[in-house]
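See structure below.
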Amino acid sequence: MTEPVLMKFKSKMEKVAIKSTIKSTASSTNYKNEIYDSDGYYGEYGGVFIPEVLRNNMDELTHTFNACKSDPAFLAELDLAFKEFSGRPTALTPLSKLSDELGGAQLYLKREGLNHTGAHKINHCIGQVLLAKRMGKTRIIAETGAGQHGYATASVCARYGLECIIYMGKIDYERQRPNVYWMELLGAKVIPVTEGSQTLNDAVIAAFKDLIAHPKESHYLLGSAVGPHPFPLINTFFQKVVGEEIKSQITEQIGGLPDQCIACVGGGSNAMGMFYEFLDDESVTLTGVEAGGKSSKGGEHAAKVSFGKKGIFEGYYSYFLQDNDGNINDTHSVSAGLDYCGVSPILAHLYDKDRVGFSYATDDQALNAVQVLAQKEGIILALESAHALAHAMKIAPEYSKDHCIVVNGSGRGEKDLFITMRHFQKDKMMAFLKSQLES
């Protein structure tokens, strides 16, 4: 096993000039209301670029959501499901030992991995399934990369008695086998997608194709704050409970607001869940951390904001990893959940407005963060969330001890067993697999 590294990270990729850890310069913008009341555009980003056959589905979903988001009965049902099924509120844990060893800022971890099914994904899964039932839908379609969204979707569908079809890129299907097993055990049909790069991008496309084929009885439970309107708004709304809890918990623990909130960014659901409540608190710096992968070369990372271009894909306008002709590039991340080519149009807008800064962490930095946290604090973090922790570990020594940084631990790391074990204990893993084959 390699020794964990407690140090400021250095890499060639860090020489690239990007916006990172930006303190808001806005003086009076009410970002929360701007997003809450949006008709599908956030500045220039967003929109509904879809086939006409799906127009009725999006209109029906928008109408139902607008009616439900202020309906006391719906909100009470949602809150009860959060408490009784998901297990909210989740803990906000001081990382005292790690903070002391790093020196500087005090780190806190929001423990979304304590949710039922192990990640923040269940928040919007519960919300969207409740919307689907209001619309009379009997069939749920979903896509998943790391498997946490699929696992959560399958769990909620089982509880509410809905058919569940989940698309997963074949590469993710193989590297996230534990979650595939849980989904299938819960009664979901998991379909590996063999087209394209066989990752999350292709699973999204396959799910939209299914919706086109079955528009009346199906609801596409999109798994992040991306896609055509109203999905970015819907998933932000159902995820904002994360930031609401953080604000209450950190105020109780330290007597005020944090100085910084840091979240990993694939599509952006956990980041928007954390950031939304703090958008109008100008003293709080908000930073999204993307997947830096292996290098800054095309196809070796998934850092859309840092290296992408503006364009339209999968129904919305935002930053995407694409070539000069608009063709979507391959992506890479050690974490399946960050291995996506686009980013939430809401985050794209907040980045342009200098309200949310962006950085990235490499595969090796994320793996190191997993090991450090496990050995220093007894918490096994998902590889996705470890990107955010890696960035926090890098910058913490630059601040004084009265500086507070909250990291969104969007999931727990059991699902990454075959990735992390191959990295940390390859010989033992191979010996175990050999013994199982021989037996």
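The values are calculated or read from the model by the stated rules, or taken from the named source; none is laboratory data. Remember, predicted model here, so these are calculated numbers, not experimental data. Counting neighbours? That spans all protein chains shown, and the Cβs are built from the backbone with ideal geometry, glycine included.
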message: Quick check on region 393-406. Is at least one of its residues touching a residue at least 12 places away in the same chain (Cβ under 8 Å), outside any helix (DSSP H, G or I), in the same structural domain as K304 (by TED's automatic domain parsing) and under 17 Å from the mean Cα position of the chain (by Cα)?
response: yes
query: Right, V193: buried (at least 23 other Cβ atoms within 10 Å of the Cβ) and either small (G, A, S) or within 30 Å of D281 (Cα to Cα) (or both) or not?
result: no
Region 318-346 residues that are assigned to a strand (DSSP E or B), paired with ones that are buried (at least 24 other Cβ atoms within 10 Å of the Cβ) and of a type in the set (S, T, N, Q) (beta carbon under 8 Å, 6 or more apart): S318/S344; I328/N201; G342/S318
query: Out of (1) crowded, with 23+ Cβ neighbours inside 10 Å; (2) assigned by TED's automatic domain parsing to the domain that holds R175; (3) not in a loop (DSSP other than H, G, I, E, B), the odd one out for N57 is which?
result: (1)
query: Can you pull out the residues in region 239-256 that are in contact with a helix residue (DSSP H, G or I) (Cβ under 7 Å, 6 or more places away or on another chain) and not in a helix (DSSP H, G or I)?
result: K240
- line: In the set P228, P258, the lone residue that is touching a residue at least 60 places away in the same chain (Cβ under 8 Å), surrounded by 19 or more Cβ atoms within 10 Å (Cβ to Cβ) and not assigned by TED's automatic domain parsing to the domain that holds E112 is P228
message: Cβ-Cβ under 8 Å, sequence separation 6+ or interchain: first residue in region 153-182 and in the same structural domain as E195 (by TED's automatic domain parsing) and part of a helix (DSSP H, G or I), partner buried (at least 24 other Cβ atoms within 10 Å of the Cβ) and among the acidic types (D, E). Which pairs?
response: D172/D339
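Each row is one residue, and each column tells you yes or no for (1) surrounded by fewer than 24 Cβ atoms within 10 Å (Cβ to Cβ); (2) part of a strand (DSSP E or B).
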residue	(1), (2)
T90	yes, no
Y108	no, yes
H116	yes, no
G127	no, no
- request: Those residues that are charged (D, E, K, R) and either touching a residue at least 60 places away in the same chain (Cβ under 8 Å) or not assigned by TED's automatic domain parsing to the domain that holds A207 (or both), I need them from region 44-54; list them, please.
  value: E44
